[in-house]
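Notes to accompany the following structure.
The values are calculated or read from the model by the stated rules, or taken from the named source; none is laboratory data. Remember, predicted model here, so these are calculated numbers, not experimental data. Every residue, glycine among them, receives a Cβ derived from its backbone with ideal geometry; neighbour counts consider all protein chains shown.
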Amino acid sequence: MTDPQSPLRPTPLAAVHERLGAKLTGFAGWLMPLRYRSETAEHQAVRTAAGIFDLSHMGEIMVTGPDAAAALDYALVGQPSALAPGRARYTMICAPDGGIIDDLIVYRLAADEFLVVANAANTAAVFAELAERATGPNADVTDRTADYALIAVQGPRAARILTPLTSADLGEVRYYASYPATVAGHDVLLARTGYTGEDGFELFTRPDDAEPVWDAVASAGAPDGLIPAGLAARDTLRLEAAMPLYGNELGPDVTPFDAGLGRVVKLGKPADFVGRAALARRAEAAPERVLVGLVGRSRRIPRHGYEVLRGGSPCGTVTSGAPSPTLGKPIAMAYLKPDAASTAEPDGGGAGLAFNIRGSAEPADLVQLPFYRRPT
Amino acid sequence: MTVPDDLRYTQEHEWVAIDGTSATVGITDHAQQALGDVVFVSAPAPGTKVTAGEPCGEVESTKSVSDLYSPVDGEVTEVNGEVDENPGVVNADPYGAGWLFKVATSGGAPSGLLSAADYTELTKET
């Protein structure tokens, strides 16, 4: 928990945000750009052209050594040992009771070298757990967050914008692949990953290289409509793509199965892993709640923590809610009791679901997730 | 950030233009910048009695909901339909096309309102 008295930590791109006149906000102890002009315009730019994001608040933990792969197979619910070098995978770290400590992306940089990217708010906890779980002399766990800046370039034009700037052949970089490369002459780890539902890249740079890399991409991309985008747009983009947010859809009292992400739990892997027994039981048990998508019929916005009603009675809780610039309507993810989720028909049929928006029941319809899928 | 001289202001960041017994109300440039993109305004319907300093509606943005306060006593006569169609007009033109509602007042000088200079001072503190 961040001491509320301690000052917020600026990222290596602080001078850029000030120059751009960003509205700044505190997030997990960091001073981050919430938006630059209009979060709706930034969201729409990512959907139609491209956006550039400062994600330097994310945590980077390096796990290295001959036993690194085995250590991660034990520490995480996934199977990083099965990754080829240059590949990445979305996964989670759970407690012994199966509750989620964080959701992560693990990048296998080499046979004995893994980069674990954690949420800013959970970096310290993830580092502590990995250090504790990776026992033995042949696996080292190091928090390298201070050694990295992270810039995301996301949108249908991202590849076109980056191509002239990078040594990597982007046509060869598959989704969830990562390569050492250069961008504007600076060394980066370039990954085809993102949190927006669009094509895009995440560039891990040295802190001192962040500003020149950002400036090069921003000026190269401006003619194609690339604009800076902040955390507000990041949140509405990931929500439309139904990507979970730790603290909303995911938390210590939620298992991956509850969030509809049982696929990340590799119960079939030979290694024992933390949380295996609890998660194996949970995989077989009837779910106590289901994560669903809802679209509001009125224009009032459902928000985190608001009740979902069925026939006027509470049947669940909103985890995330926001106006959807792409749909033009309010959208929300919510955990519902299983019978409410299964009997309320999608797209307007029966069962009368509503959001309780500050005392007023606002009708809503169940929809299949994601709310938005990028055109292929 | 603009603060027109010919308007009066509230501590809750509304502006009011008074023309005899007709008052027009909106939110300030400072407010729209703080809120971000306005997505929905729930303004009091025509016929509603409003009281100065009391909440009478809500302004919703992407990230937040704020109460809308009436700067004056009276009865609502008109609500801006443009804002209903295009809530972004509140961000684009908060003092002009982004007006929110009009109130028929008794015509007396309302108390508790700030001048442009006092409101500018207030925004420096927040």
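Any idea which residue in the stretch A:237-273 is nearest to residue A:328 (Cα to Cα), counting only those that are free of Cβ contacts under 8 Å to residues at least 60 places away in the same chain and assigned to a helix (DSSP H, G or I)?
Looking at residues that are free of Cβ contacts under 8 Å to residues at least 60 places away in the same chain and assigned to a helix (DSSP H, G or I), I get A:238.
If you check residue A:35 against the conditions, is it of a type in the set (Lys, Arg), in contact with an Asp or Glu (Cβ under 7 Å, 6 or more places away or on another chain) and within 14 Å of chain B (Cβ to nearest Cβ)? Working first, answer last.
On the way: of a type in the set (Lys, Arg): yes; in contact with an Asp or Glu (Cβ under 7 Å, 6 or more places away or on another chain): yes; within 14 Å of chain B (Cβ to nearest Cβ): yes.
Yes: the conditions hold for residue A:35.
Go through (1) touching a helix residue (DSSP H, G or I) at 6+ places or on another chain (Cβ under 9 Å); (2) modelled with pLDDT of 95 or more one by one and return the number of the condition residue A:166 breaks.
(1)
With a cut-off of at least 3 residues that are under 23 Å from residue A:40 (Cα atoms) and of a type in the set (A, V, I, L, M, F, W, C), name the strands (runs of 3 or more DSSP E) lying wholly within the stretch B:1-87. So that I can check it myself, show each step before the final result.
Values: elements: B:14-19, B:22-27, B:38-42, B:55-61, B:65-69, B:74-79.
Qualifying strands (runs of 3 or more DSSP E): B:38-42.
Note down all Cβ pairs under 8 Å where the first residue falls in the stretch A:99-113 and is in contact (Cβ under 8 Å) with a residue 24 or more places away in the chain and within 16 Å of residue A:76 (Cβ to Cβ), the second is of a type in the set (Ser, Thr, Tyr) and surrounded by fewer than 18 Cβ atoms within 10 Å (Cβ to Cβ), and they're at least six residues apart or on different chains.
That search, which allows pairs on different chains as well, returns A:103/A:90; A:104/A:90; A:105/A:90.
Say whether the condition of being within 17 Å of residue A:106 (Cβ to Cβ), assigned by TED's automatic domain parsing to the domain that holds residue A:221 and outside any loop (DSSP other than H, G, I, E, B) is met by at least one residue in the stretch A:159-172.
First pass over the stretch A:159-172, keeping only residues within 17 Å of residue A:106 (Cβ to Cβ): none.
No: the stretch A:159-172 contains no residue that is within 17 Å of residue A:106 (Cβ to Cβ), assigned by TED's automatic domain parsing to the domain that holds residue A:221 and outside any loop (DSSP other than H, G, I, E, B).
I'd like the full set of residues that are surrounded by 15 or more Cβ atoms within 10 Å (Cβ to Cβ), out of contact with any Phe, Trp or Tyr (no Cβ under 7 Å at 6 or more places or on another chain) and within 12 Å of chain A (Cβ to nearest Cβ), limited to the stretch B:67-89.
Hits for the stretch B:67-89 are B:83, B:88.
May I ask you to list the residues in the stretch B:16-47 that are more than 11 Å from the chain's Cα centre (by Cα), among the hydroxyl-bearing types (Ser, Thr, Tyr) and either crowded, with 20+ Cβ neighbours inside 10 Å or within 14 Å of another protein chain (Cβ to nearest Cβ) (or both)?
The one that is more than 11 Å from the chain's Cα centre (by Cα), among the hydroxyl-bearing types (Ser, Thr, Tyr) and either crowded, with 20+ Cβ neighbours inside 10 Å or within 14 Å of another protein chain (Cβ to nearest Cβ) (or both): B:42.
Just checking, how many residues over the stretch B:105-125 are touching a residue at least 24 places away in the same chain (Cβ under 8 Å), surrounded by fewer than 16 Cβ atoms within 10 Å (Cβ to Cβ) and not in a helix (DSSP H, G or I)?
Qualifying residue count for the region: 5.
Mind listing just one residue for me: the one in the stretch B:1-15 that is under 17 Å from residue B:70 (Cα atoms) and of a type in the set (D, E, K, R) and, of those, farthest from the other protein chains (Cβ to nearest Cβ)? I'd like the intermediate steps shown before the answer.
In the first step, residues of the stretch B:1-15 are kept if they are under 17 Å from residue B:70 (Cα atoms); the result is B:7-15.
Next, from what is left, pick out any that are of a type in the set (D, E, K, R): B:8, B:12, B:14.
Details: B:8: 27, B:12: 18, B:14: 20 Å.
So the residue we want is B:8.
Against the definition (closer than 20 Å to residue A:205 by Cα and away from chain B (no Cβ under 14 Å)), how does residue A:80 come out, yes or no?
On the way: closer than 20 Å to residue A:205 by Cα: no; away from chain B (no Cβ under 14 Å): yes.
Answer is no for this residue.
Which of (1) crowded, with 21+ Cβ neighbours inside 10 Å; (2) under 25 Å from residue A:261 (Cα atoms) does residue A:354 not meet, given it meets every other one?
(2)
Within the stretch A:110-120, work out how many residues are of a type outside the set (S, T, N, Q) and buried (at least 19 other Cβ atoms within 10 Å of the Cβ). Give the derivation first.
As a first pass, look at the stretch A:110-120 and keep what is of a type outside the set (S, T, N, Q): A:110-118, A:120.
From the residues that got through so far, the ones that are buried (at least 19 other Cβ atoms within 10 Å of the Cβ) too are A:114-118, A:120.
The total comes to 6.
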